[in-house]
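Participant: Provided herewith is a single structure, encoded as structure tokens, for subsequent inquiry.
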Amino acid sequence: MKHSVIGFLFASLATVAGYIFSHPLVFGLCIRTYQFSNYIGCADDSIEIVGVPLFIFALFTLPITFILILFPKAFSSWFKFALWWVPFSILVITITPTTSNSWMPLYSFVREDTAWFMGGVFAVISLGIIVWKTTALRKKN
């Protein structure tokens, strides 16, 4: 139970940090800004490049960690999976381009899309592990 709560707090912190980094202009994190007519933007998007995928992936992790608070016996199995999936997701998201230079946007797959995909697959597999482990433990008892 203790580990599940720590995981939930960590996922909550990552969600908040991802949201803040996704909106650097609002939170005053822009080093340089530009103005075009009435629009003011952040000239350096390095913070946003990290913030958007972090926020998206953390949105998928947050409900999973809450479910693990309700079913703490599944935590160790889930943690073994998350221990290799999260670094793998970070690697895949990092090597994906931030923008698409494609003339056909139908086939573009950018970093934000990769974060949605990897987070969704993480959530589905995590739910499967939680259901499988919980069912196996109930049958055992």
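Participant: Under 7 Å by Cβ, and 6 or more places apart or on different chains, what pairs join a residue from the stretch 81-100 that is under 19 Å from GLU48 (Cβ atoms) and at pLDDT 90 or above with one that is surrounded by 12 or more Cβ atoms within 10 Å (Cβ to Cβ) and of a type in the set (Gly, Ala, Ser)?
Facilitator: Filtered contacts from the stretch 81-100: ILE93/ALA115.
Participant: Hey, another quick one. Taking only pairs six or more apart or across chains, which ones have beta-carbon atoms under 7 Å, a first residue in the stretch 16-30 that is more than 9 Å from PHE55 (Cβ to Cβ), and a second residue that is among the basic types (Lys, Arg) and in a helix (DSSP H, G or I)?
Facilitator: none
Participant: Another one. May I ask you to say which residue of SER76, SER46 is of a type in the set (Ser, Thr, Tyr), within 21 Å of the chain's Cα centre (by Cα) and modelled with pLDDT of 90 or more?
Facilitator: It is SER76.
Participant: Looking at the structure I just gave you, is SER4 modelled with pLDDT under 90, assigned to a helix (DSSP H, G or I), closer than 30 Å to THR134 by Cβ and touching a helix residue (DSSP H, G or I) at 6+ places or on another chain (Cβ under 6 Å)?
Facilitator: When the stated conditions are applied, SER4 passes them.
The values are calculated or read from the model by the stated rules, or taken from the named source; none is laboratory data. Please read these numbers as outputs of a predicted model, since none were measured by experiment. So basically every Cβ, Gly included, is an ideal-geometry build from the backbone, and we count neighbours across all protein chains shown.
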